[in-house]
């Protein structure tokens, strides 16, 4: 019995022949594309023609994701606006208190005849790199003598004092951090106004208040600011906070360890502080001692004269 289809249903070559033909064509296209890159142009045109179909297929997903992101963004914006309103209200209250305190300070200065605070100018700078010796606690910034930087200028960031410029080059400057063991800064306790000198703690990344009496009124958590009595650092800049206070009856001085407030070991941008106001010169110690000796001699002569008159 013949199982072949009638001639009416016979169309084209046999399935095996067609499979072999298309397989050979695919291999040939792969070889040509790998060796001669002839099919890249055709692939680009095909991708361009299929792009509208791809966009149409992904349009529902993109629409759903866009709607979800829109509502999420709206919720985040509302929450952020609420936080900004609360912060603006708090800042307005702080500004009012600051204006009142500033007016009160100005009135007190006028009463005692003191001058106004020195105007402080700030120049932004970027931290380029640290010093070669990691234990030297120094870094370099992208401002130098060309920009008007001077040795001895204080360096601070948005939170407090970072250090002091110790060397100035034409385009860069070297900053010695507060944690350097050779660095010292006069400070003042905010709570009671007690003055002291903070020295760098070296690799520990801390500061130490040296030569503090054992009965000094310093407690953990006290905030330290610059006192301004050295004529270098402006008064009122945040320096550190007290971490621990060790008092020993066998020693005359207390050991006070502080944590720097500013980012002495982090941060990319700093401010170079400078004061253009000329301060009165310091008195000559030799002249002062000479005047003191003259006063003593005058007082002694006056006493001798009084003794002669009484006789």
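The values are calculated or read from the model by the stated rules, or taken from the named source; none is laboratory data. What you see is a predicted model; the values in this text were computed from it and never measured. Using ideal geometry, Cβ is built from the backbone for each residue, glycine included, and neighbour counts are taken over all protein chains shown.
Annotations for the structure displayed:
- Scanning the range 226-255 for residues that are crowded, with 16+ Cβ neighbours inside 10 Å and over 21 Å from residue 272 (Cβ atoms) gives 241, 242, 245, 254.
- Members of the range 190-199 that are in contact (Cβ under 8 Å) with a residue 12 or more places away in the chain and part of a loop (DSSP other than H, G, I, E, B): 190, 191, 192, 194
Residue by residue, here is whether (1) surrounded by 14 or more Cβ atoms within 10 Å (Cβ to Cβ); (2) in the same structural domain as residue 233 (by TED's automatic domain parsing); (3) assigned to a strand (DSSP E or B); (4) free of Cβ contacts under 8 Å to residues at least 12 places away in the same chain holds:
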site: 149; (1), (2), (3), (4): yes, yes, no, no
site: 163; (1), (2), (3), (4): yes, yes, yes, no
site: 167; (1), (2), (3), (4): no, yes, yes, no
site: 170; (1), (2), (3), (4): no, yes, no, no
site: 174; (1), (2), (3), (4): yes, yes, yes, no
site: 181; (1), (2), (3), (4): yes, yes, no, no
site: 188; (1), (2), (3), (4): yes, yes, yes, no
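- Residue check for residue 139: under 25 Å from residue 265 (Cα atoms), under 27 Å from the mean Cα position of the chain (by Cα), modelled with pLDDT of 85 or more and surrounded by 10 or more Cβ atoms within 10 Å (Cβ to Cβ): yes
- Among (1) crowded, with 17+ Cβ neighbours inside 10 Å; (2) under 23 Å from residue 274 (Cβ atoms); (3) modelled with pLDDT of 90 or more - the single one residue 197 does not satisfy: (1)
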